Every structure is written in C-alpha cells, then in structure tokens.
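Values in this text are rule-based calculations from the coordinates and carry no lab data. Everything numeric here is computed off the predicted structure, so don't read it as measured data. Every residue, glycine among them, receives a Cβ derived from its backbone with ideal geometry; neighbour counts consider all protein chains shown.
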Amino acid sequence: MSNIDEIVLTGDRPTGKLHLGHLVGSIQNRVKLQDEASKSFYMIADVQALTDNADNPEKVSKNVIEVALDNLACGINPKKTTMFIQSEIPEIAELTVLFLNLVTLARLKRNPTVKNEMKQKGYGENVPAGFLAYPVSQAADILFCKGNLIPVGEDQLPVIEQVNEIVDDFNRFYGETFSKVKHVVGDTPRLMGTDGNEKMGKSLNNGIYLSDDFETISKKVMSMYTDPKHIHVEDPGQVEGNVVFVYLDIFDPNKSEVEELKKQYKKGGLGDMVIKKRLINVIENLINPIRTKREELAKDPQKIMKILEEGTIEAQKVAKETMAEVKKVMRINYF
Ligand code: TRP
C-alpha cells in the first residue's frame, strides 16, 4: 500500500563501507519505507563527503559503489527506490546557493551535529565553509525532489531541524513551495561503538561493518569492553553499559534468554566468553545474508553503476521540474 503524500529521501556519504549503526539507525527504515511511500529516493552524497575530503576526492569516488552495494545488499530495491549520485544533479548545487541566503553564519555555527563533527575533526575556526554549511546543502538534497520523510540516524536530527527552518523561510519569502520534512529514526537511533563509545562511527574505528567476515566479527566482539571488575567467572558483573549486553539487547532475537543471562551475569557465575560467543553468532546470523548478497552483487560492478546511472537520469528529471518552479516563485525565470 502506498501513501501518496510521502516522498522518502535519504542518503549516505561515500567515505567508507557502512556498519551496523547505519543498519539499525536508518537502512532498515529505508527498506521498509520503499514499500510504503509513494516515492523513494536514495542519494549517494559525494558532494557532502567532499566537504571534509577535498584533498582526497578519490576516497569519495571509490566508495560510491561500496555504499551502493551495502544498501542493495540490505534490501534496497532499485525498482522501488531511485538510487542516484548527488554530484550528477547540478540543481542541488543551485538550490544550495539560493538557500544559503536564508541562513546566518551564527545559525550554522550553532548546529550541534556540525559542532560535534567539527570538534571530532579538530577544525576550530579553520573549518571548510562547505563543511559548516553542509546542512544547507542537505536541505537542497531533500527538497530538490520534494522529499518529506527522511530516514536518518539520531545524530542527524539537528540537521533536519535546520532544513525545516529553511523550508519556513523559503515559503515565507516566496510563497508556499515546500512542505515540512519529517524524520524517521530506527528502533535503535544510536548504536554504541564496540569500544563503548556512545556512537559507532567510521572515523572512530569502533564499527562492525556489514561486509565484515566471520573472523573479523569474532575478533571485534572478543575485544569488546565488558565490566572491568568482572575478573573471575564467579564475580558478579555489571550489565548496564556492558557493550556485549547492549548489543545482545538490540540484536539477539531471543529476548527471554538474554534476560536470563543478564540475571546470571549480575549474580556471578557467567563468564564473558559465554556471552561473547553468543553475540558472535547473533551478529553473524544478521550479517551473513547481507554479506553473501553483497559478494554476489560485487561481482558485477558495471551492473551497479548502471543502476546508479538510470536512477540519476530519473532524479535529474525531477530536479529540473523543481528548479523551474523555484525560479518561477522567486521571479528569476527570465527567458
Ligand atoms: N548527512 C548524512 C549522514 O552523514 C548523509 C546525507 C546527505 C543525508 N544528504 C542527506 C541523509 C539527505 C538524509 C537526507 O549520514
């Protein structure tokens, strides 16, 4: 059943392969929504990726196919979702320039998501202007196709808020053109990293990737942080903040067994090895079908590029229509 009012748009920066945080934060929703919404777009945000990788464009272009593979392997269906590459839609850049006039420098500097990322990258005042302004270009990503339902991880909510401010200002200045956008976050809006950091992140080096093999998954789980005071099997252990239990709570389909294990662990008498082995299996069961499909798809990269090319052509058509409308309401349609 499709909901005629809903246009889904979402995207990933192609800076590396995607991990479990992407899966539970956004990809699962994308897969579900492509059946429910009237239209569904998936963007590979290479221009946004360049905002902090200007010195390394090859890293960005090389990862375009990787994020496409990750999404296809998770169940994004190109017949239902228009998959395209951001830099191939010049209207997104055009809209960005027009939207930039609706946003103050002070507002850009206040965005908590951007602030956080700037801190992480150690930019300070030397932040690239394009990076500081990426929420504005993200507004263009969303609005070029009149997207109004946006599956994102929790960290992106301040960006979505800023997009809505742009929608309001645009409509107030030029007349009702865009509708407000709604975010959808997954059941696990923010997944802890394997090191216990509150966020799993590409640059934090604490992720389990959708393409990781069994051995890699095992190593990552084995090195997970548990309870430092749980030294002997008999010692009572702590479950809260214990990464292994945090993951079991999220990924283990057998909730009652997990509750039982938690009780045992708290009482003492349950070793870390037992819960880690269990978690390895749980994650392997989740990733195995994704990895298998991914390997199959990766055998024919030309086919993947063809999917992106066809999706891009489709997105270009939509972009032209929106741009014509924007120019008209702004009275900058001259000829
Ligand atoms: N900023 C998003 C991220 O880092 C990626 C992205 C770019 C995006 N454009 C978008 C997400 C538009 C949703 C809608 O994950």
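Our estimate of slack between Asn205 and Leu100, defined as 0.36 nm per intervening residue step minus the Cα-Cα distance, is 34.5 nm. Computed over the alpha carbons of segment 214-294, Rg followed by Dmax gives 12.9, 42 Å.
Rounded to the nearest 10 degrees, the angle from helix 255-267 to the longest Cα principal axis of the chain is 50 degrees.
Between the beta carbons of Asn171 and Gln316, assuming R0 = 30 Å, the FRET efficiency works out to 0.75 to the nearest 0.05.
If the chain linking Asp5 and Glu284 were pulled fully straight, counting 0.36 nm for each residue of separation and taking away their Cα-Cα distance, it would gain 96.7 nm.
From Cα pairs below 8 angstrom and at least 6 apart in sequence, can you work out the relative contact order of segment 214-294, rounded to a whole percent?
Values: 78 pairs, mean separation 28.3, N = 81.
The value is 35 percent.
Put simply, the Cα atoms of the chain extend 80, 44, 41 Å along their principal axes, the longest span coming first.
Toward the positive end of the charge dipole of segment 214-294, with +1 on the Cβ of Lys and Arg and -1 on the Cβ of Asp and Glu, the farthest Cα among Val233, Ile250, Asn285 is that of Asn285. Each Lys and Arg contributes +1 and each Asp and Glu -1, all at the Cβ; summed about the Cα centre of segment 214-294, the dipole is approximately 340 debye. The residue among Gln138, Val64, Tyr42 whose Cα reaches farthest toward the positive pole of the charge dipole of the chain, with charges on the beta-carbon of Lys, Arg, Asp and Glu, is Gln138. Amide H to amide H distances under 5 Å link Thr82 with Ser40, Phe41, Tyr42, where only residues 5 or more positions off or on other chains count and H is placed in the peptide plane.
Where nothing but the Cβ of Lys and Arg (+1) and of Asp and Glu (-1) is charged, how large is the charge dipole of segment 138-190 around its Cα centre, in debye to the nearest 20? Intermediate values should be presented prior to the final figure.
Details: 5 positive and 9 negative charges, 34 e Å.
Around 160 debye, computed over segment 138-190.
Using 0.36 nm per residue and subtracting the Cα-Cα separation, the extra length available between Val329 and Asp249 on full extension is 23.7 nm. A simple spin-label model places pseudo-atoms 7 Å from Cα toward Cβ; at Lys266 and Lys62 they are separated by 4.8 nm. Taking the centroid of alpha carbons for each part, segment 56-89 and segment 244-314 are 21 Å apart. Structure note, pairs Lys220/Lys255; Lys220/Lys277; Lys59/Lys182; Lys59/Lys121: Cα-Cα distances above 20 angstrom occur for Lys220/Lys255; Lys59/Lys182.
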